[in-house]
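Before any comments, here is the structure.
Taken together, the values in this text are just the output of simple stated rules run on the coordinates, not laboratory data. All of these numbers come straight from a predicted model, not from anything done at the bench. Neighbour counts run over all protein chains shown; Cβ positions are idealised from the backbone, glycine included.
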Amino acid sequence: MPRKLLNVKMIGLFAVLLVLFMTAGVAEEERTDASGQWTYVLEDGGAKITGYVEEPSGDLVIPGELDGYPVTKIGEKAFFTCRKLKGVIIPDGVMSIGNNAFSSCDWLTGVSIPDGVTSIGDGAFSACARLESVILPDSVTSIGDGAFRACRMLASVNIPDGVTSIGDDAFRASSLTSVSIPDSVTSIGNNAFDDCRSLISVNIPDSVTSIGDNAFANCFGLTSVTIPGSVTSIGTNPFSGHTSAAIHVSPDNPTYAIIDGVLFDKQQKNWFPIPALGKARIRFLMEYYTLAPRRFLSIGT
């Protein structure tokens, strides 16, 4: 190849790389829509709502289009601390709800989430103190950490069949009375249902392999839990606190078993105190099995 032609090609390649370098990592400029109310950025051909100009109140219908662009995402903290909101309808076409998008909307009582949303971000509806119920569409596959944490009036929620994991603190300190976990879920995060004091029943399907730290701690109303044969990992203090729940383990579980009323791993190297036994019984069993103090998991106060 002639040297001159090679130089021209090298210069062209350098120019392309320079343009890519200069544009890489440059955030899309935030815009205000023609109505003067909504701020947004463009991502993948759609509009991601990032905020508003005048704080919305009452029942809000989020627009499905801004300046000709379809609304596809609700951005991080887009409606954070909108304390005048009472209801929200999210438009068709939205695929994700960002981290803390509606967090601390104190007066929000209901939200309509369309089919097509696949992810509920971390803390998306956390501390919505008056949120009473949520219907998640079948399209949802991910429930983020703390998504509904401290929703003190949240009494019912469905977990869709496509969800594979329930994040840390996902429903912590809510008022759920029962939970049906679908057989698509493989992990229940740390503190996922901690301090759900009204929780009476929960089913853990055979698909679950891990239960996180304090996953069902302080569930005072919980009467019974069965750990399926699929569970191979249980975090610390999974049932700690003042609970009278009867804990059962599927007989085909290769890792855990109930021995003398205590949840053990089958090598009896570690155990998980069940508060219903009472502290005296637990202390006795601890001495009987001569378990090292470091393996003793506190049952709480």
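Quick rundown of the values:
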{"quantity": "Residues whose placed amide H lies under 5 Å from that of THR209, excluding near-sequence neighbours", "calculated": "SER187"}
{"quantity": "Sorted by Cβ density within 10 Å, fewest first, the residues ARG197, ARG172", "calculated": "ARG197, ARG172"}
{"quantity": "For region 110-178 versus region 26-94, the gap between their alpha-carbon centres in whole angstrom", "calculated": "20 Å"}
{"quantity": "Cα→Cβ-extended label distance, 7 Å offset, between GLU132 and GLN267, nm", "calculated": "5.1 nm"}
{"quantity": "THR164-ASP44 FRET efficiency (beta carbon distance; Förster radius 25 Å; 0.05 resolution)", "calculated": "0.60"}
{"quantity": "Size descriptor, Kirkwood hydrodynamic radius, that averages inverse alpha-carbon separations across region 35-163, Å", "calculated": "14.3 Å"}
{"quantity": "Formal net charge of residues neighbouring ASP67 (Cβ-Cβ distance under 15 Å; K, R +1; D, E -1)", "calculated": "-4"}
{"quantity": "Nonlocal amide H pairs with LYS86, under 5 Å, H built at 1.01 Å", "calculated": "GLY58, ASP59, LEU60"}
{"quantity": "FRET efficiency, 1/(1 + (r/R0)^6) with R0 25 Å, evaluated for THR177 and TRP107 via beta carbons", "calculated": "0.65"}
